[in-house]
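This report concerns only the one structure given below.
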Amino acid sequence: MTTRMVGEPVKRVEDPRLVTGNGRYLDDLGHDAFEVAFVRSPHAHARVVDVDVTDALDVEGLVAIYTYEDLVADEEEHGTRVAQALPLLIPHPTLTHGRTQHALANGEVNHVGEAIVMVVASDRYAAEDAVERIRVDYEFLTPIVGVEAARAAEHLVHDDVPGNVAARMVQETGDADAAIDAAPHRLELDLAIERSASMPMEGKGVHARWDADDESLTVHTSTQTSTSVRQAVAAKLNLPVDRVEVVTPDVGGGFGVKIVHPWPEEVLVPWAALRLGRPVKWTEDRREHFVSSAHERGQLHHVRVGYDDEGRLLGLSVKFWHDHGAYIPYGLIVPIITSTQLLGPYKPGAYRVEFESLYTNTVIVTPYRGAGRPQGCFVMERTMDAIAADLGLDRALVRERNFIQPDEMPYDQGLIFQDGRQLLYDSGDFPGSLAKLKELVGWDDFAAYREQARAEGRRVGIGMACYVEGTGVGPYEGGHIRVETDGTVVVSTGLTTQGQGHQTMLAQIVADELGVPFERIRVTTGDTRRFKYAVGTFASRTAVMSGSAVAVTARAVREKALRIASDALEAAVEDLEIVDGNVRVKGTGENGASVDLGAVAVLSNPLRYAFDEAAKRATQFAAPADPDKPPVAEGESPGLEASQFYSPPRSTFANGMHAVVVETDPDTADIKVLRYCVVHDCGTLINPMIVEGQIHGGVAQGVGGALYERMEYAPDGQLLNASFMDFLMPYASEVPEVEIDHLVTPSPLNPLGVKGAGEAGVIPGAAAIAAAIEDAEGITIRRMPISPSELFHLRLENQEA
Ligand code: MCN
């Protein structure tokens, strides 16, 4: 008897292959391919005066050297668009000065790492040798590094962008300034989060093969958005879209950075394959990932808040400055998310938010797991803690007093999201989550523990942070399901997978909806040869979007199966059910008449092959002869398959609350996380084990962002820690055990009641850890990440004050 699969902690079907080293990643492909290396700018801001390739020409194995001029010539000769700037993917009316990069620099470089020359050679060694021999003359320009330098605007990143301001945006839901001025209590805070970046185990990579006979291009790329890369590559290379296919092999993590479509290399490598008529490949190395991919998080914030004697918010005004790096391919998503989701589970009174997106001569910014929410959560939660400290109130109590209540759902914060739609919280029980969190971490008993520890000479502290997260953003996702004649169920979606266990969770959904054993289901993702309509994997949207799409698709296949089987079983459709992959008459149990789905697939196709056991050969035969009926019933199509799409009215809001206990060393200021507790609400859990794995991974990144990871830029724009020798990621030894409790408030917006979970773990890390350190130390923290030496200096400042 089939048990329900949704809700079960099913082990991930992809893991045996992946953990035994049998994954097939980009670099595992195409050993016959020419390989690419790039000359990248060593300067943050300069004009490219001359490129001299003479010394590289006699490198053995050299195939081709391309500069921006070659791209221009190609446009003239072939009508391609390879020399044009890359697309601005998500425009916004306030993005008045959107600038994107060129695949190869066209005369000016705006960050260290920007590609200037592409070298193609028989192998990577030869390509790197040639790169070393290419000389570039530069005329130096003044680099703008960091938000303060960009704001000062003494120099410009782009000559035609006044003040370095790419965009300025304001939203308000009342007269916040008046509300703050009239409030009995007021505070002002300056808060900062530094730059960091996603560091997937596998960097980016592209492999392209031009098939001259078929005149088609197959691009393998380590991306989060295969269908969009397909459209972009076809447009850039001036190829008919139907001649281009994009396949995503196993992807060793993305965390946002592989969202851009296309990256320069995703244009250049296919273009070179097309021109050279040979497979070409590029695999990003770690240094390239640091200096030529994308970063995020860097923001400065100024907060003004007014509140009453009980800590209830009356008005909140936030102004912040977003360091957007040298170019803006991905629009204003990150700062818009900060500005619209920083309110978290609270009612702010009148709210005003204003931000400026600033160009700097540093690596570009695109969303990194959490995408603007860790900054927003830091702002809101630091503000909550500051209010509690000012009034001498319990920090949890202040939060509780400001919560939106469950009976106020759906709740409208009065804000508009990037897509022009109103942001509505659809579900959630914030008081319920807080009660669970307090219980889990022992919030009310902590004061006694802190005192006792202090008496022993130890410094321990506790902090908490709450957030909401708009997940499952539209516009749509789709699915295709086909039941093969042997009963195998093949599920395809266009979404890509970077390690989230999609094969497992989508199979769980189909198993339930279609009534087939889980083991019979095969899921493919990210292959445009199989499924062409998709948006991509980001914004924690797969469970909501693809999950719902395959659910409605499975329902369509099920209906078709029942229609076909009703003939064979001579029973009405309403009387039939599918159990364990067999269609049978309800109530007849296992011994009643039944037909398995493979046989239904055979029946669905009037021109079909079957294996004749007796004759030991495949036989072609026609549908059961009924002279009065057409072989395929009107309105039906042959085959037991269907394709359906799901498009939500708007994003669904997940939420969560984290509590952290830390201990700081009185002498060395070393910071240890002793406990990390999570209460999480992502609606219906499809696979609790996967969700918990996602939370663990997110928490690890949150701890990294709070205590270790930052991009250390020198004033001249050199990234000083562009390797794992210097960029500190937490090891397993630094990541605490994560204690998790779930609260399930199903989303009313989709057929499964699910909300996303893929980014949740990272969002409140910096806020909760800052609060815990503050509690242990009795000092004020306004900037994260914080290292032991910074804590040490804060202590000294505090003593002097
Ligand atoms: N899930 C579930 N029930 C829910 C919600 C989610 O069982 N109610 C499970 C699903 O099984 C799904 C996983 O959790 O497989 C994550 O689901 P979802 O929240 O829909 O997020 P996505 O699958 O769309 O993944 C994207 C998200 C993002 S935006 C980043 S960034 C991120 C993340 O996932 N990048 C990752 N997690 C990552 N995990 C890995 N290993 N690698 C990355 O690059």
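Given an 8 Å cut-off on Cα distances and at least 6 residues of separation, report the relative contact order of the chain as a percent.
16
Farthest toward the dipole's positive end in region 254-341, which of Pro262, Val305, Ile337, given Cβ charges of +1 (Lys, Arg) and -1 (Asp, Glu) about the Cα centre?
Positive-end residue among those listed: Pro262.
Cut-off is 10 Å between beta-carbons; in what order do Met784, Met169 appear when sorted fewest neighbours first?
Details: Met784 25, Met169 18.
Ordered from fewest to most neighbouring Cβ atoms within 10 Å, Met784, Met169 come out as Met169, Met784.
For Arg458, put the label point 7 Å out on the Cα→Cβ axis and report which residues of region 759-776 keep their amide N under 18 Å from it.
772-776
When DSSP beta bridges are limited to those with both residues in region 162-259, what percentage is antiparallel, rounded to the nearest 5?
Once the DSSP bridges in region 162-259 are tallied, antiparallel ones form about 60 percent.
Express in whole angstrom the spacing between the alpha-carbon centres of region 627-706 and region 754-780.
Between the Cα centres of region 627-706 and region 754-780 lies a distance of 18 Å.
Using label points projected 7 Å from each Cα along Cα→Cβ, tell me how many nm separate His793 and Lys11, to one decimal.
Output for this residue pair reads 5.0 nm.
Considering only DSSP beta bridges with both partners in the chain, what is the antiparallel share in %, to the nearest 5?
The antiparallel proportion sits near 80 percent.
Test of understanding: ordering His322, His97 by Cβ neighbours within 10 Å, fewest first, what list do you get?
Placing the least packed residue first, the sequence is His97, His322.
Rounded to the nearest 20 Debye, what is the dipole magnitude of region 474-646 about its Cα centre when Lys and Arg each give +1 and Asp and Glu each give -1 at the C-beta? Could the numbers behind the result be given before it?
Working: 17 positive and 23 negative charges, 153 e Å.
With Lys and Arg at +1 and Asp and Glu at -1, about 740 debye.
Under the 0.36 nm per residue contour assumption, what length would be gained going from the current alpha-carbon distance of Ser647 and Val632 to full extension?
Working: separation 15, 0.36 × 15 = 5.40 nm, distance 3.06 nm.
Using 0.36 nm per residue and subtracting the Cα-Cα distance, I get 2.3 nm.
For Ala85 and Arg168, calculate 0.36 nm times their separation in residues minus their Cα-Cα distance, and state this gained length in nm to one decimal.
This chain segment gains 27.6 nm when fully extended.
Provide the per-residue ³J(HN,Hα) series for region 289-300, in order, calculated from phi with Karplus coefficients 6.51, -1.76, 1.60 and θ = phi - 60°, each as a whole number of Hz, with x at glycine and proline positions.
My calculation for region 289-300 gives 4, 5, 9, 9, 9, 8, 10, 6, 5, x, 8, 10 Hz in order.
Going highest first, how would you order 246-259, 391-404 by mean Cβ packing within 10 Å?
246-259, 391-404
Expressed as a whole number of Å, what is the distance separating the alpha-carbon centroids of region 446-493 and region 517-557?
Between the Cα centre of region 517-557 and that of region 446-493, the gap is 21 Å.
Cut-off is 10 Å between beta-carbons; in what order do His301, His155 appear when sorted fewest neighbours first?
His155, His301
Which shape class applies to the chain: rounded if a/c is under 1.5, otherwise prolate when a/b exceeds b/c and oblate if not, where a ≥ b ≥ c are the square roots of the Cα gyration tensor eigenvalues?
Judged from the Cα gyration tensor, the chain comes out oblate (a/c at least 1.5, b/c at or above a/b).
In whole Hz and in residue order, list the ³J(HN,Hα) couplings for region 554-563 that follow from phi through the Karplus curve 6.51 cos²θ - 1.76 cosθ + 1.60, θ = phi - 60°; x for Gly and Pro.
Computed from phi, the couplings for region 554-563 are 4, 5, 5, 5, 4, 4, 5, 4, 5, 4 Hz.
Quick check: Cα centre of region 90-126 to Cα centre of region 325-362, how many Å?
25
Given H placed 1.01 Å from N in the peptide plane, which residues other than close sequence neighbours of Phe653 have an amide H under 5 Å from its amide H?
For Phe653, the qualifying residues are Asp426, Ser427, Thr471.
Of Lys11/Lys755; Lys204/Lys532; Lys11/Lys560; Lys258/Lys347; Lys347/Lys755, which sit over 24 Å apart, Cα to Cα?
Working: Lys11/Lys755 21 Å; Lys204/Lys532 22 Å; Lys11/Lys560 30 Å; Lys258/Lys347 35 Å; Lys347/Lys755 22 Å.
From the list (Lys11/Lys755; Lys204/Lys532; Lys11/Lys560; Lys258/Lys347; Lys347/Lys755), the Cα-Cα distance tops 24 Å for Lys11/Lys560; Lys258/Lys347.
Using helices alone, what [θ] at 222 nm do you get for the chain, with -39,500 (n - 2.57) per DSSP H run of 4 or more residues, divided over all residues and rounded to the nearest 500?
The per-residue figure over the chain is -8500 deg cm²/dmol.
What ³J(HN,Hα) values, in whole Hz, does the Karplus curve 6.51 cos²θ - 1.76 cosθ + 1.60 give for region 523-531 when θ = phi - 60°, with x put for Gly and Pro?
Working through the residues one at a time gives 10, 10, 10, x, 10, 5, 5, 9, 8 Hz.
The numbers here are math on the coordinates, done by the rules we state, and not lab data. What you see is a predicted model, and the numbers here were worked out from it, not measured in a lab. Backbone-built Cβ (ideal geometry, glycine too); neighbour counts: all protein chains shown.
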